[in-house]
Structures are given as C-alpha cells and as structure tokens.
Amino acid sequence: MNTNKSDIEKYIFELLKEEYNIDVALDSETNIQDAGMDSLDIVSFLFNIEKKYNIRIPNEELSNPDIYIIKNIASYITSHH
C-alpha cells in the first residue's frame with residue numbers, strides 16, 4: 001500500500017466523494033468538518049482511515065481541530081504508518 005502524502009490525499013478525496021457523497025470542491029486545505037459531514041459521518045470516516053492504514057488516531061489528537069484538515073490527516077498517516 002502506497003503511503004505517500006499525495007496518494008493518501010487522493011484516497012481521502014475519493015472516499016469523501018464516493019462513500020459520504022461530499023459534493024463540494026475538495027483540496028488539501030479542506031476541513032472535513034466544513035465539508036457537510038455530520039458527526040457520525042466524521043467518526044465513520046476516521047474509522048475507515050484507521051482501518052485502511054492500520055493506524056490509531058488517539059482521542060487527544062482528535063481534540064485538535066487541525067487534524068480534520070485533509071493535508072493534516074495525510075501527514076498524520078504518513079508519520080504513523
């Protein structure tokens with residue numbers, strides 16, 4: 001599995017559009033909390049990310065609002081995978 005940041009961002013874009021029907025323009029600066037997802041969708045999305053990349057995002061990370069920005073999610077995955 002490729003875990004470079006660009007490929008991870010592409011996967012996140014695809015996941016958000018296909019699984020969560022996000023139809024707003026997405027880029028690496030997009031905050032998923034502002035993309036039209038409700039709290040259950042966000043939990044489900046993060047679970048899918050953790051499962052795909054075999055990582056665990058601790059609760060203390062989830063309390064940081066910056067973790068919800070796509071480029072930061074990708075960076076977290078690359079540094080913890």
With the requirement that a residue be hydrophobic (A, V, I, L, M, F, W, C), assigned to a helix (DSSP H, G or I) and in contact (Cβ under 8 Å) with a residue 24 or more places away in the chain, what does region 30-61 give you?
32, 42, 45, 49
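Residue-wise test of (1) within 18 Å of residue 78 (Cβ to Cβ); (2) at pLDDT 95 or above; (3) touching a strand residue (DSSP E or B) at 6+ places or on another chain (Cβ under 9 Å); (4) surrounded by 13 or more Cβ atoms within 10 Å (Cβ to Cβ).
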position: 1; (1), (2), (3), (4): yes, no, no, no
position: 4; (1), (2), (3), (4): yes, no, no, no
position: 8; (1), (2), (3), (4): yes, yes, no, yes
position: 31; (1), (2), (3), (4): no, yes, yes, yes
position: 34; (1), (2), (3), (4): no, no, no, no
position: 44; (1), (2), (3), (4): no, yes, no, yes
position: 53; (1), (2), (3), (4): yes, yes, no, yes
Yes/no for residue 61 being surrounded by 10 or more Cβ atoms within 10 Å (Cβ to Cβ) and modelled with pLDDT under 95
yes
Which number in (1) of a type in the set (Asp, Glu); (2) part of a loop (DSSP other than H, G, I, E, B); (3) exposed (fewer than 10 other Cβ atoms within 10 Å of the Cβ) marks the one condition that residue 18 misses?
(2)
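The values are calculated or read from the model by the stated rules, or taken from the named source; none is laboratory data. Not measured: the values here are computed from a predicted model. Cβ coordinates were reconstructed from backbone atoms using ideal geometry, including for glycine residues, and neighbour counts include every protein chain displayed.
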